[in-house]
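The values are calculated or read from the model by the stated rules, or taken from the named source; none is laboratory data. Because the structure is predicted, anything quoted here is derived from the model rather than measured. Positions of Cβ are backbone-derived with ideal geometry, glycine not excepted, and every protein chain shown enters the neighbour counts.
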Amino acid sequence: MNVFTQDARLGRLTTVLGSDALVLLRMDGTEELSGDFEWRVEALSTQNTLDLSALLGTHATVEINHAQGVRAFDGIVCEAEQRGAFENGFRYDLTLRPWLHVANLRRNMRIFHNKTVIEIVQEVLSSYAALGNPHLELRVMDDYPVLEYTVQYGESDADFIRRQLERFGITWSWRHEAGSHTLLLTDAAISLPEVPGSSRPYFGVAGYHRHEKEHFCHWSATERITTGAVRLTEYNFKIPTSAQEVDQLSDASHPSGDIESYDWPGDYLNQGEGRGVVSRRLEAERGQAPRHRAEGDVVSLGAGWRVTLAGDDVPNATGRTFVCLKATHRFRAQAYGSGSAGADDAPYDGAYVLTPDDAPFRPERRTAGPRVQGPETAVVVGEGEIDCDEHGRILCRFHWDLDGAHTMRVRVSQNWASKGWGGMVIPRIGMEVIVEHLRGDPDKPIVTGCVYNGKNRPPYELPKHKTKSVFRSESHKSSGFNELTFEDATDNEKIYLHAEKDHELHIENNRAKRVDRNQSESVGNNKSIEVGNNHHEVIGGNMTLMVGPNKLQSAVTSAFKKFTSAIGDMTSKLGLPDALNMGEGNLIIGVAKNKAETVMVSSTEVVGAGKAVTVGGGYQTVVGGVFNQSIGIGAFEEVGHNKSVVVGKVFEVTVGKSKLVMSEDGVINLKGVKVTIEGDETVTVKGGRIDLN
């Protein structure tokens, strides 16, 4: 068996198996700007027992010499196959792909807060830093907004990164060297590297023609019709009435150049960001128009490299600089074996797709974003028991979130929501909530409801209380609650209202209340009623008012003192106390103006101790029938000036055995066991006739 060596070869293969353990036979591959590359390598070995597993996941590099140096085609061995005996050795096929292909194998669900797209890319790809030296290079010129909330939702790391780069118009390509390749991110053509020497000639020939230098032998140009205008609009709930529409026209010269592509949502927060988005969208559209295709042996030219066309004249191309969008490479090594002259006089040829470097330069949005299929649930998290912002937005943690992160502040659906009025119920820490996503976008969650679970049980045992409809809240930082319950069990229908502390009812106009049967009201402490105008009560049967021990305020005592002061000595004569002992069952009624009381049949008043009546002006009592007055002990009457007593028939005063009778006919009888008439000065007795004894 021959011993293979590649030292003097035009093309060489290097692997982790050691020098010349595998030698290059053929290589075919394609690389694309803002895409991946794949090198399909055929190799020979003197051994048929190579350990394929030792190759997988490691770097392998094909190097091809050219006039300006060496071009490396590095990649990660993703597939390895032993093909058996072939020519003068054993054939092995290897498939090399970028290290980003490894990122296709990892699917993840995670959340990024307040990061730019560049920061997100760097964080995700940091896990693959060992696969490149360096693994990532940034050549971006634009400023990118800080994204409040970005979700990788069931996507591979590679798809997530591609989607974010396409979203912001960032192009990626690969730089190769022996044993490594680097992901290069750019957002302007000027940031892309040039091929060594910057230019390559075009030599137009009919048929095959060979030159010492790298050159193009075929060149063609294509123009295509594209969208000439892009219009976008968005909605930002923080500024709902602000205009969000943005549009931009291109310089398309064809008759349909004003055809517009309209899309919603625009994926921006304000018009300032929107203008950048619409510009990138239009550049991506217009960038599809100019295409140049070439063939040649420009080994050094790959996707993401710039080259200036020289040599023979090509209309609208010679002297211009182009960006390579796609390159296809084919290499055939000279045959291995004694005396072999080689398998092909032209070992390398390539095909290239290019665009002028002054043409619009943005990647197409080809990577579809994930869509959340239906609602899911999450747990409310945050500080304290209730955590929300000025919009009532809350934080949630999804069950799939293994990093223990949380959502952005998420709006909560309410039964009503308007300007200063509507419903407001804020889900609390620990509740399980239903989360939906606007248009299925995982970056746009919204809470639409709450559900019970094994930890959070309903307020009443089920199904025992299945006829109840309940709204019960929990007091903040305590065990109390407010509750409104509807009981719908037949013959036991009831509405129950519980206020843990205060209950306030404010009605700006009228209130009507109708109780068809009984009503009971119990007040544990004080009750006050204020009526701004009239108070009218109609009672069809009896009314009982009982005043028992209570806790009236000091204002009542003050009012009583003013009352006793006004009646003076009458207080003691009536047996009234000097002051009210609060809580002994006192009733005080005050009427600011008039009081009228009408009793249709009879009225009885019983006062256990004293009673005082003070009248500021006149006092009149009218009795239609008989007036009886009974005084158990004594009576005292004091008249400041005059007093008149008028009796229509008989006026009679009886005190034990003494009696005074005055009749309407003028007869006065005074009778007693002993009568004494005494005058300090004079006693005068006049009459038509005076009878003595």
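For segment 475-495, which residues satisfy the criterion of being part of a loop (DSSP other than H, G, I, E, B) and not small (Gly, Ala, Ser)?
In the first step, residues of segment 475-495 are kept if they are part of a loop (DSSP other than H, G, I, E, B); the result is 475-480, 488-493.
Within segment 475-495, His476, Lys477, Asp488, Thr490, Asp491, Asn492, Glu493 meet the criteria.
Out of all the residues in segment 78-100, is one or more at positive phi and not in a strand (DSSP E or B)?
Yes, segment 78-100 has at least one match.
If Val673 satisfies every condition in (1) in contact with a Lys or Arg (Cβ under 8 Å, 6 or more places away or on another chain); (2) β-branched (Val, Ile, Thr); (3) in a strand (DSSP E or B) but one, which is the exception?
Of everything listed in (1) in contact with a Lys or Arg (Cβ under 8 Å, 6 or more places away or on another chain); (2) β-branched (Val, Ile, Thr); (3) in a strand (DSSP E or B), Val673 misses just condition (3).
Residues that are among the aliphatic types (A, V, I, L, M) and touching a residue at least 60 places away in the same chain (Cβ under 8 Å): find the strands (runs of 3 or more DSSP E) completely inside segment 378-474 holding 1 or more of those.
Passing ranges, in order: 432-437, 445-451.
Could you grab me the full set of residues in segment 171-184 that are surrounded by fewer than 23 Cβ atoms within 10 Å (Cβ to Cβ) and β-branched (Val, Ile, Thr)?
Thr182
For segment 213-314, please list each of the strands (runs of 3 or more DSSP E) lying entirely inside it that holds at least 2 residues being touching a residue at least 60 places away in the same chain (Cβ under 8 Å).
216-222, 291-296, 306-311
Name the strands (runs of 3 or more DSSP E) wholly inside segment 142-206 in which the number of residues that are closer than 19 Å to Leu125 by Cβ is 2 or more.
147-156, 171-177, 180-186
From the list Glu273, Glu245, which residue is under 41 Å from the mean Cα position of the chain (by Cα) and surrounded by 15 or more Cβ atoms within 10 Å (Cβ to Cβ)?
None of the other options fit; the residue is Glu273.
Can you give me the number of residues within segment 138-162 that are of a type in the set (A, V, I, L, M, F, W, C), in contact with a strand residue (DSSP E or B) (Cβ under 8 Å, 6 or more places away or on another chain) and within 16 Å of Asp443 (Cα to Cα)?
Of the residues in that region, 4 qualify.
Failed condition for Leu552, given (1) at pLDDT below 65; (2) part of a loop (DSSP other than H, G, I, E, B); (3) under 30 Å from Val645 (Cα atoms); (4) not β-branched (Val, Ile, Thr), with all others met?
Leu552 satisfies every listed condition except (3).
Can you tell me which residue within segment 184-228, out of those that are at pLDDT 90 or above and of a type in the set (A, V, I, L, M), is nearest to Gly132 (Cα to Cα)?
Filtering segment 184-228 for residues at pLDDT 90 or above gives 184-203, 214-222.
Still in the list and also of a type in the set (A, V, I, L, M): 184-185, 188-190, 192, 195, 221.
Values: Leu184: 11, Leu185: 14, Ala188: 23, Ala189: 23, Ile190: 24, Leu192: 19, Val195: 21, Ala221: 36 Å.
Ranking the candidates gives Leu184 first.
Got a sec? Which of Ala359, Ala327 is modelled with pLDDT under 95 and of a type in the set (A, V, I, L, M)?
Just a single option satisfies the conditions, and that option is Ala359.
It is to be established whether one or more residues within segment 156-164 are closer than 29 Å to Asp297 by Cα and either in the same structural domain as Leu33 (by TED's automatic domain parsing) or crowded, with 19+ Cβ neighbours inside 10 Å (or both).
no
What about Asp20, is it of a type in the set (D, E, K, R) and more than 30 Å from Arg293 (Cβ to Cβ)?
Answer is yes for this residue.
Just to be sure before I move on: is Leu56 among the hydrophobic types (A, V, I, L, M, F, W, C), assigned to a loop (DSSP other than H, G, I, E, B), touching a strand residue (DSSP E or B) at 6+ places or on another chain (Cβ under 9 Å) and closer than 30 Å to Arg366 by Cα in the structure I sent?
yes
Please determine whether any residue of segment 435-445 is modelled with pLDDT of 95 or more and in contact with a helix residue (DSSP H, G or I) (Cβ under 9 Å, 6 or more places away or on another chain).
Yes, segment 435-445 contains at least one residue that is modelled with pLDDT of 95 or more and in contact with a helix residue (DSSP H, G or I) (Cβ under 9 Å, 6 or more places away or on another chain).
Can you name the condition, by its number, that Arg12 falls short on among (1) surrounded by fewer than 19 Cβ atoms within 10 Å (Cβ to Cβ); (2) over 30 Å from Pro363 (Cα atoms); (3) of a type outside the set (Phe, Trp, Tyr)?
(1)
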